[in-house]
Amino acid sequence: MHPEHPVQPIAFTHTVHLAKRMQCTTCHVGVSQGPDAQIPNVTFCMGCHMVIDTNNPEIKKIAAYQARGEDIPWVRVYNYSPSAHVRFNHAPHIRAGVACSTCHGDMTKQTTAERKVNLNMGFCVECHKQKRVSVDCDTCHF
Ligand code: HEC
Ligand code: HEC
Ligand code: HEC
Ligand code: HEC
Ligand code: HEC
């Protein structure tokens, strides 16, 4: 397993962006559509940072990634090892009104994401039982 708060290539901060009233879905565009929430690419960041905070050394690093034609190599925070054969899908949870913070903690208090919640099997199964969602093995495993 990876560390709870991995070192990231850019000192991104959820706190600052969320304080500007940005929505999760502005950046994580896939979250209500399908399995993956998605992390935005460097071009998306530069859409604002071409003009916002351009003298900040961190923003200069982002511009340099773009100039080299590279994406920002973010280190993943939440993900299962392939050997766990877990099948997860964001969309039905968002439709059912499960808050992001249930599974990811309060992002307004996080710079880069930290693994605040242990998304182990017991955590998933407990809520599925409570909400009468299927707990058949093949709901969550392939
Ligand atoms: C919709 C516009 C917008 C987008 C898109 C955006 N940002 Fe920002 N970002 C801002 C604003 C506004 C600030 C605050 C600037 C300030 O306070 O001067 C900021 C601040 C920052 C800072 C400085 C934070 C600090 O400590 O002051 C970093 C680093 C940053 N953004 C990285 C990113 C990255 C990486 C992306 C892409 C994943 C991104 N931003 C996408 C608007 C945006
Ligand atoms: C029921 C728990 C749950 C909820 C609710 C949830 N997530 Fe997730 N999220 C996960 C799990 C589990 C993963 C890891 C999935 C994997 O590795 O296959 C994940 C991964 C992610 C990732 C990594 C990139 C990706 O495409 O998977 C992002 C970003 C993310 N979630 C954002 C969000 C946002 C934004 C919301 C709310 C709109 C949200 N999540 C709600 C459980 C949840
Ligand atoms: C300005 C764009 C932006 C906004 C707004 C934003 N995020 Fe993120 N998010 C990112 C970036 C960039 C990363 C990758 C760096 C990191 O791990 O923090 C990320 C990472 C994450 C991760 C960890 C993904 C993984 O598994 O590696 C989660 C969970 C997450 N965001 C949830 C949220 C939630 C919930 C919200 C709304 C409350 C939100 N984010 C709002 C840009 C954003
Ligand atoms: C807080 C409650 C809660 C937690 C925690 C939770 N789920 Fe769910 N899950 C739901 C609800 C509610 C639905 C939607 C059922 C529906 O659409 O009728 C759902 C649906 C699903 C579905 C789609 C099932 C289908 O038949 O389409 C999968 C797959 C799933 N969850 C996997 C997981 C996994 C894996 C975890 C742990 C990372 C998890 N869930 C954690 C409440 C939860
Ligand atoms: C609601 C979702 C869900 C259901 C239902 C579910 N699992 Fe899991 N299971 C998970 C998740 C998530 C993990 C990964 C835990 C981790 O890596 O931290 C996991 C991990 C496992 C593992 C790997 C060992 C471990 O405990 O981490 C086994 C074996 C397993 N599940 C078997 C089963 C069997 C057998 C069933 C049916 C009786 C089942 N699971 C039903 C979500 C689920």
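For the subset of the stretch 96-120 comprising residues that are aliphatic (A, V, I, L, M) and free of Cβ contacts under 8 Å to residues at least 40 places away in the same chain, which member is farthest from ligand 3 (Cβ to nearest atom)? Going through the qualifying residues, I end up with 96.
For the stretch 71-83, filtered to residues that are exposed (fewer than 11 other Cβ atoms within 10 Å of the Cβ) and not polar (S, T, N, Q), the residue that is farthest from the chain's Cα centre (by Cα) is 82. Residue-level check: of (1) part of a loop (DSSP other than H, G, I, E, B); (2) among the basic types (Lys, Arg); (3) surrounded by 11 or more Cβ atoms within 10 Å (Cβ to Cβ), residue 132 misses just (3). The requirement of being among the hydrophobic types (A, V, I, L, M, F, W, C), under 26 Å from residue 137 (Cβ atoms) and touching a Ser or Thr at 6+ places or on another chain (Cβ under 6 Å) is fulfilled nowhere in the stretch 36-53; no residue meets it. Filtering the stretch 24-45 to residues that are within 10 Å of ligand 3 (Cβ to nearest atom) and not in a loop (DSSP other than H, G, I, E, B) leaves 24, 25, 26, 27, 42, 44, 45. When the stretch 55-66 is filtered for residues that are surrounded by 11 or more Cβ atoms within 10 Å (Cβ to Cβ) and more than 15 Å from residue 8 (Cα to Cα), the ones remaining, listed by number, are 56, 60, 63, 64, 66. For the stretch 8-23, filtering for residues that are assigned to a loop (DSSP other than H, G, I, E, B) and not polar (S, T, N, Q) leaves 7. Taking the stretch 82-95 as the range and being free of Cβ contacts under 8 Å to residues at least 40 places away in the same chain and of a type in the set (S, T, N, Q) as the test, only 83 passes.
Where a number appears in this text, it was derived from the coordinates with a stated rule and is not lab data. Computed from a predicted structure; not experimentally measured. Backbone-built Cβ (ideal geometry, glycine too); neighbour counts: all protein chains shown.
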